[in-house]
Amino acid sequence: MTVHPTFQTALTVRTDRTLIRPTFKSNRFVLAEIVAPSSRREQGRPQVNLAFVLDRSGSMSGDKIRLAKQAVEASIGRLHDDDRFAIVVYDEQIDVVVGTTRATAEARRLAVARLREIDARGSTNLGEGWLRGCEQVAAELSAEGVNRCLLLTDGLANQGITDPGELAVHARELRSRGVSTTTFGVGNDFDESLLQAMAAAGGGHFYYIAGAGSIEDLITSEVGETLDVVARDVVVQVTAPGGVSVEALSPHPTREHGGQTEVIVGDLTADEQVSIVLRLNFPYGQLGHSTGVVVGLADQDDLLGATSVKLAWQYASDPLNDGQDRDRDVDRAVARVFAARARQEAVGMNRAGDYKAARRAVEGTAKRIRSYAGRDPELQATASALEADIQQFQAPMAAPALKTAFAGASYLMRSRMPDGKAMKTPEDAGQRS
Amino acid sequence: MPAENDYSLQDLADLTGVTPRTIRFYVAQGLLPSPGRVGPGATYGPGHLARLKLIRQLQREHLPLAEIRARLESLPDAAILALSEAPHGTSASSSASEYIRGVLARTRVAGRPAPHPYAAARLVAPPMPALPATAPAPASPTPSPAETPSPDRSQWDRVVLVPDVELHVRRPLTRQLNKRVERLIAIARELLEEDQS
């Protein structure tokens, strides 16, 4: 495996095939693999400025609210004096239990006392609760720190702003103004597509907490990641010549900026590994001519160094194209992303009661993967696993099964481990399904 | 809300400052959906108005047309409405705090203009939820719904003392109490406004 010096970021960029057709607009895939450095040299970790936004609706009563409070308590215990935190609780009323404060021992003691008094009560104004949490973070925005709002819910947004599209837009606008959002969905009744959309647009992470028992583990893990950030606001920049279109297949937000396509990766923790899959579409060209793109990395503080890689393709005849070698690692990464997308689509169809469409989504993708799988065992396995899932998607699925399938696909597409946590080592990568 | 298709091409132009010719160009480019009827009697709806406002805003931020089109395609109508009605402070140059204030102001006083600072804004209290029978009365620092009487006969006034500090008063008050509250507001403003750093 690639061993990289401690302070450098490793960026490896590959394409599935290097020959393209002159009289046909070829599609090719690019796999960009990023490995974050182990530390920030003498800089030390950035300050964190967090808000914990907890659902206190009636359904949270019992273990859920108790363990959520415990998780927040454990998390603030890990902060230093110059970090900040705030605690907001919401049902249809929003209460700022602890306004943004430095994490001194005194403040933490007070917070723990106030946390103890919170109990589960009413309905769910998730949108306003979340915005008030972001407001706390925004009030004391740290220019060099990690500013993030952590939203936990077990139900549907049924008061205030309820439109997922609108909430995702606000999450995106806030991310571009420095406040990122991570979401935690607990139990069977939350809207997984809403929470994923908010976290994706918000530059944070989405977690599915199946049972109250995992609440503390995942919340403290996420806080741990904020305390371990080595590069903030990482983007993959792709510079392509006119006529070459660049599209991100991995579900990260993208933007066009100064003639480049930027794929927004977010904050990276020490040794974290993220893979981004891109699809390029090439224009007509001349036999023998070459074209190429440059792929680079940039981060908020310019700590990653000028890392960039050039990739080239050549226009060649149809027979040469048909017989060319394929980079199987790229094929495998592409197949995994398509399989995950098919599963999420199938979850959506299944929820809507369209079982035929759910089946078709999964079947169609499995078929396409088999068409380029050849004898590759991994590709065959990806296709087989999809085919095995047809059984469950074509009949009504219970909430836990839907959420497990959805979250599993979400984690895979975003280079997270099966439990939702960051991927750090090659061994972790081997655990991917 | 205005009726389905309410605006003529000229109405739309007058309301947004975009020439009729440019509006027709946007329709041809797929940035705006086609109007209700084609030709001289064509009518446009609030959706067109909202989209057009948003296009202007994004152009002011130097976004290329292709990017604007892509953004509009991915936004649901509700989001377009929200973004197009954003007060000046929510353009890309605003801070996170300003953006949030804009959104919260719109959602709380939905349909009405945001309250002028230092003016009392009348807000009707949301219906108090019935506490489940088994829940114990919490000893929390914030007032619990169970302690407040029925809201039907009263409403809460939100008095902004300084931009980040408010006083909530449930009216009607007795005359005596009302006088004291007025005094309180005057004193509070005096105190909070001194030494603005």
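The values are calculated or read from the model by the stated rules, or taken from the named source; none is laboratory data. What you see is a predicted model; the values in this text were computed from it and never measured. Because the Cβ atoms are built from the backbone with ideal geometry, glycine has one as well, and the counts that use them run over all protein chains shown.
Some points to look at:
- Put simply, of A:L249, A:L194, A:L218 the only residue that is farther than 22 Å from A:V274 by Cβ, surrounded by fewer than 24 Cβ atoms within 10 Å (Cβ to Cβ), aliphatic (A, V, I, L, M) and modelled with pLDDT of 95 or more is A:L194.
- Residues in the range A:118-148 that are touching a residue at least 40 places away in the same chain (Cβ under 8 Å), within 11 Å of chain B (Cβ to nearest Cβ) and among the polar types (S, T, N, Q): A:S123, A:Q136, A:N147.
- Verdict on B:A66 being loosely packed, with under 13 Cβ neighbours inside 10 Å and at pLDDT below 75: yes
- Of A:L54, A:L50, A:L11, all but one fail to be assigned to a strand (DSSP E or B) and farther than 30 Å from A:E216 by Cβ; the exception is A:L11.
Conditions (1) polar (S, T, N, Q); (2) surrounded by 15 or more Cβ atoms within 10 Å (Cβ to Cβ); (3) at positive phi; (4) within 23 Å of the chain's Cα centre (by Cα), marked per residue:
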{"residue": "A:R17", "(1), (2), (3), (4)": "no, yes, no, no"}
{"residue": "A:G44", "(1), (2), (3), (4)": "no, no, yes, no"}
{"residue": "A:N49", "(1), (2), (3), (4)": "yes, yes, no, yes"}
{"residue": "A:H80", "(1), (2), (3), (4)": "no, no, no, no"}
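- Selected residue (only one of A:G133, A:G178 is in a helix (DSSP H, G or I) and either buried (at least 23 other Cβ atoms within 10 Å of the Cβ) or not charged (D, E, K, R) (or both)): A:G133
- Checked against the criterion of being closer than 22 Å to A:E345 by Cα, more than 14 Å from every other protein chain (Cβ to nearest Cβ), surrounded by 24 or more Cβ atoms within 10 Å (Cβ to Cβ) and in contact (Cβ under 8 Å) with a residue 24 or more places away in the chain, the candidates A:G185, A:G202 yield just one match: A:G185.
- Residue selection: B:I100 satisfies the criterion of being at pLDDT 75 or above and within 11 Å of chain A (Cβ to nearest Cβ).
- Test: residue in the range A:28-37 that is assigned to a helix (DSSP H, G or I), in contact with an Asp or Glu (Cβ under 7 Å, 6 or more places away or on another chain) and touching a residue at least 24 places away in the same chain (Cβ under 8 Å): no
- Qualifying residue in the range A:412-419 (condition: modelled with pLDDT of 95 or more and assigned to a helix (DSSP H, G or I)): yes
- Hits in the range A:87-112 - residues which are among the polar types (S, T, N, Q) and within 12 Å of chain B (Cβ to nearest Cβ): A:Q93, A:T100
- Among the residues of the range A:240-258, the ones that are in contact with a strand residue (DSSP E or B) (Cβ under 6 Å, 6 or more places away or on another chain) and outside any loop (DSSP other than H, G, I, E, B) come to 6 in all.
- The residue that is farthest from the chain's Cα centre (by Cα), counting only those in the range A:220-255 that are within 17 Å of A:M413 (Cα to Cα) and without any contact (Cβ under 8 Å) to a residue 60 or more places away in the chain, is A:E247.
- Some residue of the range B:72-93 being in contact with a strand residue (DSSP E or B) (Cβ under 9 Å, 6 or more places away or on another chain), modelled with pLDDT of 80 or more and among the aliphatic types (A, V, I, L, M): no
- Residues (within 14 Å of chain B (Cβ to nearest Cβ) and either among the aliphatic types (A, V, I, L, M) or more than 16 Å from A:G292 (Cβ to Cβ) (or both)) located in the range A:253-270: A:P253, A:T254, A:R255, A:E256, A:H257, A:G258, A:E262
- The condition of being crowded, with 19+ Cβ neighbours inside 10 Å, over 19 Å from A:Y208 (Cα atoms) and not basic (K, R) holds for only one of A:A10, A:A32, A:A74, that being A:A32.
- Test for A:M397: is it outside any helix (DSSP H, G or I) and closer than 23 Å to A:F190 by Cα: yes
- Just one of the listed residues (A:L115, A:L50, A:L151, A:L67) is more than 10 Å from every other protein chain (Cβ to nearest Cβ) and free of Cβ contacts under 8 Å to residues at least 60 places away in the same chain, namely A:L115.
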